[in-house]
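The values are calculated or read from the model by the stated rules, or taken from the named source; none is laboratory data. Remember, it's a predicted structure, so these values are computed and weren't measured experimentally. No Cβ is skipped: glycine too gets one built from the backbone with ideal geometry, and neighbour counts run over all protein chains shown. With ligands, DNA and RNA removed, areas are computed over all heavy atoms of the protein, side chains included. Shrake-Rupley method; radii C 1.70, N 1.55, O 1.52, S 1.80 Å.
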Amino acid sequence: MAFLYKDYVKKEEIQIQADLSKNLRYLLEVPLINNSNKSVLVIMKNPSLADQYESDRTINNVLKFCHSNQYSKVYIMNLYSYYSTDSNGIANLIKNGQETLAVGRENDGILQQTTEKVNDVIVAWGGNTFGCTDKYKQRIKQVTRIIDGKTPHYVEDISKCRWYPKHAQVWSVNQDIEMYSWRPPF
């Protein structure tokens, strides 16, 4: 199910970096109507449906949180850039030796460039829902190295093992929630 972008989104200025022939979305850049110059990079697990024309529930949650926290630009990226509403699509690629396709060849370079131009980074990839635990933790380590130099934050909650910040899809955006500093457990 697709959703519309909310009124505080500058819809005509949304940009996307993708390789749709390979079903990949690397970056979704969403400007918000706010009187600030703050920007944030939110890193989740994998893209679901959103593009420059239609949003989805998770993206709307992220944008609502970011708007209420006075960000004027939101960059959304993922551990894996392969479009898959069900994370089993990512698991199947990994299990079939296609992790490079799941991540996307340009993902890490775009992530590095984006990290350098934002004020804040929020990690929001959630738990390991597709069973490739070692590969998932390895990917988290890779991304953590790329964003080194920024203090990553998480919203609302983190797993007891500290690997998994709460996924943005389940942020309780109707309540006052805060960002906390996150450090990986390795």
The range 104-135 versus the range 4-26: alpha-carbon centroid distance in Å: 17
Trypsin sites (Lys or Arg not before Pro) restricted to the range 104-186 and DSSP loop, no more than 14 other C-beta within 10 Å: ARG105, LYS150, LYS160, ARG162
Average Cα contact separation per residue, the chain, under 8 Å, 6 or more apart, as relative contact order %: 22
30 Å Cα-Cα threshold exceeded, pairs from LYS117/LYS141; LYS10/LYS137; LYS95/LYS141: LYS10/LYS137
(1) 71, 43, 31; (2) 62, 45, 29; (3) 45, 37, 29, with the label sought being that of the calculated Cα extents along the principal axes in Å: (3)
Helix-only CD estimate at 222 nm, as mean residue ellipticity for the chain, using -39500 (n - 2.57) per DSSP H run (n ≥ 4): -8000 deg cm²/dmol
Heavy-atom accessible area per residue - the chain, 1.4 Å, Å²: 49
Magnitude of the charge dipole, the range 1-116, Cβ model with Lys/Arg +1 and Asp/Glu -1, debye to 20: 260
